[in-house]
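Enquirer: Shown below is the structure under consideration.
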Amino acid sequence: MVDNVIRREMFGIGDEGSKTICPFCGSASFTKYGHNSAGKQRYHCKECDSYFIDRPTGSIIFYTKLPFETWSRLTECFVDRLSCMKTARKISVTTKSA
């Protein structure tokens, strides 16, 4: 249950009715343009000629390369008030990422 709240409130994941838009210009005029190395759908915006993948815009994870599961575990560490060093060890990231 906590995981679902984190997904919805912090990361915008699971919002019904959310539409894909270009994160650079806000246009809904785009075409599918293959997949990235992680298998995510890529898009090409017809308005601003940018390429993007569908991520929740305006969320914490828009520019991150870390998977949601890592962010979820990081959030749990934050709630548990763990130090950066302990958090980094627990979720297997560098202290800079933690």
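The values are calculated or read from the model by the stated rules, or taken from the named source; none is laboratory data. The structure presented is a predicted model; accordingly, all values stated were derived computationally and were not measured. Note: ideal-geometry Cβ built from the backbone for every residue, glycine included; neighbour counts use all protein chains shown.
Enquirer: Please work out which residue is modelled with the lowest pLDDT, limiting yourself to the range 59-70 and to residues that are loosely packed, with under 14 Cβ neighbours inside 10 Å and either aliphatic (A, V, I, L, M) or over 14 Å from the mean Cα position of the chain (by Cα) (or both).
Expert: So, considering only residues that are loosely packed, with under 14 Cβ neighbours inside 10 Å and either aliphatic (A, V, I, L, M) or over 14 Å from the mean Cα position of the chain (by Cα) (or both), the one modelled with the lowest pLDDT is Ile60.
Enquirer: Tally time: how many residues in the range 73-97 are polar (S, T, N, Q), within 18 Å of the chain's Cα centre (by Cα) and part of a helix (DSSP H, G or I)?
Expert: 1
Enquirer: If Pro56 meets every condition in (1) surrounded by 15 or more Cβ atoms within 10 Å (Cβ to Cβ); (2) modelled with pLDDT of 90 or more apart from one, which number is that one?
Expert: For Pro56, the failing item is (2).
Enquirer: Taking the range 62-92, which residues are closer than 30 Å to Cys22 by Cα and not aromatic (Phe, Trp, Tyr)?
Expert: Those that are closer than 30 Å to Cys22 by Cα and not aromatic (Phe, Trp, Tyr): Thr64, Lys65, Leu66, Pro67, Glu69, Thr70, Ser72, Arg73, Leu74, Thr75.
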